[in-house]
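Okay, so here's the structure we're looking at.
Read-outs throughout are calculated quantities, based only on the coordinates presented, and are distinct from any laboratory measurement. Since the model is a prediction, treat every value here as computed from it, not as a measurement.
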Amino acid sequence: MKKKIQWGTVVFLILYLVVLVYVCLLSEVYGRTEMQNIYHYNLIPFREIMRFYTYRELVGMEAFVLNLFGNVIAFVPFGFMMPILKMKYRYSKRVIGMTFFLSLTVECIQLLTRVGSFDVDDLILNTLGGVLGFGMFHVMNWIRRRWFEPFK
């Protein structure tokens, strides 16, 4: 049963990464198809979050919520799946590091291809999403061990 769950997680991880690449690099909805003439980047923490909050009425509440929660939610599955794949990923430092590295990779590709912007706020929010997913894994694992394993 454990092997089936791990294989299912590998399949889901591949599908997740394909969707992540599409949304972050190829999606027309998010304006990712046209290469910009200049490089866009933000290296000041919380600058874009505050800008979206300050101008939320101008850009729309949907854009504010999508920027804030979309970046968090996008990486929750990654933080959840890593500890399922291998026991060595059940330590917070590893999952935080892997989530940060995946987010950094996406941000660098967006910068280099000029189909998005490199934003340190995205790194923070994406990593927070991975941490939340990691926490969800541990809560669900605790529930599984506490409530379902005694019946075996």
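Using the alpha carbon gyration tensor of the chain, what are the three equivalent-ellipsoid semi-axes (square root of 5 times each eigenvalue), largest first, in whole Å?
Listed largest to smallest, the semi-axes of the chain are 33, 17, 14 Å.
Tell me which DSSP H helices of the chain clear both cut-offs, 20 Å or more of axial length from alpha-carbon atoms and a mean Kyte-Doolittle hydropathy of at least 1.0.
Going by DSSP H runs, the hits are 2-21, 92-113, 120-143.
Go ahead and set up a Gaussian network model of the chain, Cα springs under 10 Å, then flag whichever of 38, 49, 96 fluctuates most.
38
Under a 10 Å cutoff between Cα atoms, tell me which one of 54, 99, 113 has the largest fluctuation in the Gaussian network model of the chain.
Result for the chain, Cα springs under 10 Å: 54 fluctuates most.
At 222 nm, what value in deg cm²/dmol follows for the chain if DSSP H runs of at least 4 each add -39500 (n - 2.57) and the sum is divided by all its residues, to the nearest 500?
-21500 deg cm²/dmol
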